[in-house]
1. May I ask you to list the residues in the stretch 251-279 that are more than 35 Å from the chain's Cα centre (by Cα) and either surrounded by 10 or more Cβ atoms within 10 Å (Cβ to Cβ) or within 30 Å of PHE312 (Cβ to Cβ) (or both)?
2. Tell me, which residue of the stretch 223-250 that is in contact (Cβ under 8 Å) with a residue 24 or more places away in the chain and over 30 Å from GLY416 (Cα atoms) is least open to solvent (accessible area, probe 1.4 Å)?
3. Going by the conditions given, is ARG256 among the basic types (Lys, Arg) and in contact with a Pro (Cβ under 9 Å, 6 or more places away or on another chain)?
4. Would the stretch 336-344 turn up any residue that is surrounded by fewer than 16 Cβ atoms within 10 Å (Cβ to Cβ), more than 18 Å from LYS417 (Cα to Cα) and touching a Ser or Thr at 6+ places or on another chain (Cβ under 8 Å)?
5. Tally up the residues in the stretch 126-156 that are within 17 Å of VAL214 (Cβ to Cβ), of a type outside the set (Gly, Ala, Ser) and not in a loop (DSSP other than H, G, I, E, B), please.
Amino acid sequence: MLALRWCTVRKAPSLLARALTSMTNGFQSPPDMFEVRSRLSAIVGASTNWSDHVQAMHERKDLHILLAKQQEDLPPRKMSDSYIEVILPLGSQPELREKYLNVHNSVRFGRILEDLDSLGVLICYTHTKHEASQRSPLSIVTALVDKIDLCKKVIYPDCDIKFTGNVSWVGKTSMEVKMHMLQAGLHDGTYSPVLDATFVMVARDPENKRSAFVNPLIPEGPEEEEIFRKGELNKIRRVDFSTASLLKMAPTAEERTIVHNIFLNTLDTRTVSFRSRVLPPNSVWMEDAKLKGLEICHPQERNIFNRIFGGFLMRKAFELGWATACSYGGSRPYVVAVDDIMFQRPVEIGSLLLLSAQVCYTEENYIQIRVHSEVYDSDTKEHKTTNVFHFTFMSEREVPQIVPKTYGESMLYLDGKRHFSATTKETGEVEKTIAAP
């Protein structure tokens, strides 16, 4: 069994968690997700009707005067200033369950991705709260889902869920947000960890055209200093990973050997042709392990800035990725980790969103899925990439080996192997349990 990078089950809350437990930042009691989204609309001044969105966005132009000309002009904030607890009352409010329920009688993980995205934005608005105005001059959007580590196999649909989170690192115009999800027990109501998530948000001006400065973060005490230091290291790791991308750099010597060995293993020994390829036993050609989907982007799925909600994109990509893993493995897959989701460009209302899910790496009973999303412009006939998603699934039994045939597929294979290796890197004693879709 591989040593997986699961979130560690903490026996006692950390000093930071104990210090923040009673804080809800402006809420009389822990809010639910409806309150989270209502507060976001109020902070931005978003219209409730699609027909009014142009006027609402036009009114945001007046908020330019509230923007800081430099970060030093903004008051520093503490981690506790942005801390929020949110309750998803699936146990105490049964009418909510239908939205979150899947066919396996567990919680739809795609819905959790939507909730994490909304919560992450609200946490950042809480960190950057402008005392002079209820409406924020900032447009805060999700830039990256760095990683989500799961530590439970089943998320129950009839037990309350608690989300907690705060800003953990700040740059000039970007913020890292750490969020945790816990679920109450079936019998005693004690909350236990389900997942840890790290998102990166960026601040833009009121019209979402240029970068904007955010309040600096001042860590207090050794624990917060360590959290902040890890945020710095995460930024360096992301830069290094991007620099070494196979879209920019040639594979390493070890990776070239892997690709060549796969090539040799698929040659037809009865011929001396480089073109004659034979599929090894218990294997599947990569070109035969993909699914595609299409979404028409209706106003119903818009965010507070009248573009398609990033959480909706994540949910659709995850569900297509899950279906691909299910089809490939022949049994119900469980999500192990989500990492390196890049939001490269916004998706406009009315776009045709094309999704393509590909099995790009397999090992034992693990399936690495890459989902590519792009928008199609019917006027210019152009396709533009909007997102790339990476999901790691575990199947109930060992799965066939995925085999690339072309050079491009070989690069996908190596990229999938890199993401899988990052996910399965050992980080100490952890609970080897996972979360359901």
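1. Just the residues of the stretch 251-279 that are more than 35 Å from the chain's Cα centre (by Cα), to begin with: 264-278.
Within the stretch 251-279, ASN265, THR266, LEU267, ASP268, THR271, SER276, ARG277, VAL278 meet the criteria.
2. Checked the stretch 223-250; the qualifying residue least open to solvent (accessible area, probe 1.4 Å) is GLU224.
3. Values: among the basic types (Lys, Arg): yes; in contact with a Pro (Cβ under 9 Å, 6 or more places away or on another chain): no.
So ARG256 does not fit the description; no.
4. Yes, the conditions are met somewhere in the stretch 336-344.
5. To start, the set of residues in the stretch 126-156 that are within 17 Å of VAL214 (Cβ to Cβ) comprises 126-133, 135-144.
Keeping just the survivors that are of a type outside the set (Gly, Ala, Ser) gives 126-131, 135, 137-138, 140-142, 144.
Filter once more, so that each one left must be not in a loop (DSSP other than H, G, I, E, B): 126-127, 140-142, 144.
Counting residues in the stretch 126-156 that are within 17 Å of VAL214 (Cβ to Cβ), of a type outside the set (Gly, Ala, Ser) and not in a loop (DSSP other than H, G, I, E, B) gives 6.
Listed here are the residues, each with its yes/no results for (1) crowded, with 21+ Cβ neighbours inside 10 Å; (2) within 14 Å of GLY171 (Cβ to Cβ); (3) hydrophobic (A, V, I, L, M, F, W, C).
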| site | (1), (2), (3) |
| --- | --- |
| GLY189 | no, no, no |
| LEU195 | yes, no, yes |
| VAL200 | yes, yes, yes |
| ALA203 | yes, yes, yes |
| ASN208 | no, no, no |
| ALA212 | yes, yes, yes |
| ASN215 | yes, yes, no |
| GLY221 | no, no, no |
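The values are calculated or read from the model by the stated rules, or taken from the named source; none is laboratory data. Since the model is a prediction, treat every value here as computed from it, not as a measurement. Neighbour counts are summed over all protein chains in view; Cβ atoms, including those assigned to glycine, are modelled from backbone coordinates with ideal geometry. Quick note on the areas: whole protein, heavy atoms, side chains included, nothing else; ligands and nucleic acids left out. Shrake-Rupley method; radii C 1.70, N 1.55, O 1.52, S 1.80 Å.
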